[in-house]
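This report refers to the structure that appears directly beneath it.
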Amino acid sequence: MAFKTIFAAAAMLAAVSAPAWSAEYTMSASADFSGPFADVMPNAMSGIETITAWWNKDVGAKLGVKVNIKIYDMRYDAAVIARTWPSILSRDQPIMHLGFGSPDLTTLMTRLPNDKVPMLIGTAMVSMVWKPEGWHFSIRPTYSHEFAGLLDELQKKQGRKLRIGAVSTQTAAGFVDQVKGVEKLAATYADRFEVVDTQWVATSPVSMSSNIRAMLEKNPDVILVGGTTAQVTATAAALEELNVKLPIINSTHNGLSEVAKGFDLKKMNGSYSAFSFAPDNQTNLPLRDIYEANKTGNGQWGIITTQSAAQALLALRVLEKAVAKVGKDKVTGQAMYDALLANKFTEQELLGVLPDLDFDSSAPFPIGAIKTKAQVVVDGKIQPLGDAWLPVPAFDKW
């Protein structure tokens, strides 16, 4: 009898202490476990799942709201996304979709306003999707804006016009767009920047020595490589072969962390990655502390984990605003869209991983004072380029 009494008491205590969810919502997420980003996908999804689990425990439980993440392997393939999306809508009824790059954008951006499901992605934008009244948004501005923040910093330190060489490929419209955006920056601030040469190469070049030799005749101060990791390593190899030291600037998808997997970073001392979220190895980063304290499975903290964790965190902060506006039982995709546009999100709310953010219907990325950060190679190791956010000079759409 005593055992039964103790058991019953324990069961009652567990029932009292367990969160009393009054509302459960689904956020769907695109993954790529079998396509070009399969190697980083466990870490990317770990960022989303870990931050959501933490939020459910520490924030959602107090609101009486729980979020379920439904992950779909879209293979970074527009055809797979188009095939899968109708079933996601009918089965999951998501209040927000967490996308992963251009296939999600090109497939879903025209559908989302009718489906009334906003999409938030963690990758940077390009001008082709810079359209008003959309339901597609990113935690980051365009790649060109991100590069502009670093270029602005480098030009100020140099004290004279910064001469920019670019390497890209004409087989991918998004990579061409990056160059056009930087050309727009240079045209806007002609006394500060000049794009002196662009070398169009293959996505996986065997050798770029002749291309870089031709570029060096134009005396660039930096070389911008926003395309593929193979292009970054081929550029670095060509500079080594020609016995020239110039900093290379890249993004995250082809950034220093990716290059380091197959190339000696000591050969790239002084090179950079630029992106509009906090570096994974920043000294103080509250979101990283939360991830490390709550992670499960095989995920590891790194640049892609930081990006996806930031993406999930902003989505969850939007949900908090929606709950405050319409109530915990009445959140819809429309309520999420409205909450994203109606509120500002502070760096403190975003746990240091993103700057203050503000959105409106004019662009699919943060408006106002856009900021970025960067990493740099020092003695063969990746380090944050300072602690402060870098302001991005304003320039119009190209």
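Here are the numbers for this structure:
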quantity: Selection count, the stretch 81-104, where residues are out of contact with any strand residue (DSSP E or B) (no Cβ under 6 Å at 6 or more places or on another chain) and within 30 Å of residue 397 (Cα to Cα); calculated: 5
quantity: Residue that is most open to solvent (accessible area, probe 1.4 Å), among those in the stretch 186-202 that are touching a helix residue (DSSP H, G or I) at 6+ places or on another chain (Cβ under 7 Å) and not basic (Lys, Arg); calculated: 194
quantity: Strands (runs of 3 or more DSSP E) completely within the stretch 99-208 that count 1 or more residues being touching a Lys or Arg at 6+ places or on another chain (Cβ under 7 Å); calculated: 162-168, 193-200
quantity: Only one of 224, 239, 265, 256 that is open to solvent by less than 20 Å² (accessible area, probe 1.4 Å) and either under 19 Å from residue 177 (Cβ atoms) or among the small types (Gly, Ala, Ser) (or both); calculated: 224
quantity: So residue 382, is it within 21 Å of residue 255 (Cα to Cα) and either part of a strand (DSSP E or B) or of a type in the set (A, V, I, L, M) (or both); calculated: yes
quantity: Checklist (1) surrounded by fewer than 19 Cβ atoms within 10 Å (Cβ to Cβ); (2) within 28 Å of the chain's Cα centre (by Cα) applied to residue 250, failing item; calculated: (1)
quantity: Filter result for residue 244 (open to solvent by 40 Å² or more (accessible area, probe 1.4 Å) and either closer than 24 Å to residue 386 by Cα or assigned to a loop (DSSP other than H, G, I, E, B) (or both)); calculated: yes
quantity: Cβ-Cβ under 6 Å pairs, at least 6 apart or on other chains, the stretch 240-259 side touching a residue at least 24 places away in the same chain (Cβ under 8 Å), far side crowded, with 22+ Cβ neighbours inside 10 Å and part of a loop (DSSP other than H, G, I, E, B); calculated: 247/271; 248/271; 251/226; 254/228
quantity: Among residues of the stretch 262-280, those that are over 23 Å from residue 138 (Cβ atoms) and at pLDDT 95 or above, counted; calculated: 9
quantity: Top-ranked residue in the stretch 19-34 [being surrounded by fewer than 18 Cβ atoms within 10 Å (Cβ to Cβ) and in contact with a Gly (Cβ under 8 Å, 6 or more places away or on another chain); ranked as modelled with the highest pLDDT]; calculated: 23
quantity: Condition broken by residue 76, with the remaining ones in (1) farther than 18 Å from residue 33 by Cα; (2) surrounded by fewer than 23 Cβ atoms within 10 Å (Cβ to Cβ) satisfied; calculated: (1)
quantity: Subset of the stretch 51-66 [assigned to a helix (DSSP H, G or I) and out of contact with any Pro (no Cβ under 6 Å at 6 or more places or on another chain)]; calculated: 51, 52, 53, 54, 55, 56, 57, 58, 59, 60, 62, 63
quantity: Candidate set: the stretch 368-380, residues that are open to solvent by 10 Å² or more (accessible area, probe 1.4 Å) and in contact (Cβ under 8 Å) with a residue 40 or more places away in the chain; chosen: the one nearest to residue 307 (Cα to Cα); calculated: 371
quantity: Residue count for the stretch 58-80, restricted to those that are out of contact with any Gly (no Cβ under 9 Å at 6 or more places or on another chain) and in contact (Cβ under 8 Å) with a residue 24 or more places away in the chain; calculated: 12
quantity: Sole exception among (1) at pLDDT 95 or above; (2) surrounded by fewer than 24 Cβ atoms within 10 Å (Cβ to Cβ); (3) more than 18 Å from residue 375 (Cα to Cα) for residue 179, by number; calculated: (2)
quantity: Residue in the stretch 109-118 that is under 21 Å from residue 275 (Cβ atoms), in contact with a Phe, Trp or Tyr (Cβ under 8 Å, 6 or more places away or on another chain) and crowded, with 18+ Cβ neighbours inside 10 Å present; calculated: no
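This table checks each residue for (1) at pLDDT below 95; (2) surrounded by 15 or more Cβ atoms within 10 Å (Cβ to Cβ).
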{"position": "13", "(1), (2)": "yes, no"}
{"position": "36", "(1), (2)": "yes, no"}
{"position": "42", "(1), (2)": "no, yes"}
{"position": "46", "(1), (2)": "no, yes"}
{"position": "53", "(1), (2)": "no, yes"}
{"position": "62", "(1), (2)": "no, no"}
{"position": "67", "(1), (2)": "no, yes"}
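The values are calculated or read from the model by the stated rules, or taken from the named source; none is laboratory data. Since the model is a prediction, treat every value here as computed from it, not as a measurement. With ideal geometry, Cβ positions are generated from the backbone for all residues, glycine too; neighbour counts draw on all protein chains shown. Surface areas here come from the heavy atoms of the whole protein model, side chains and all, with no ligands, DNA or RNA. Shrake-Rupley method; radii C 1.70, N 1.55, O 1.52, S 1.80 Å.
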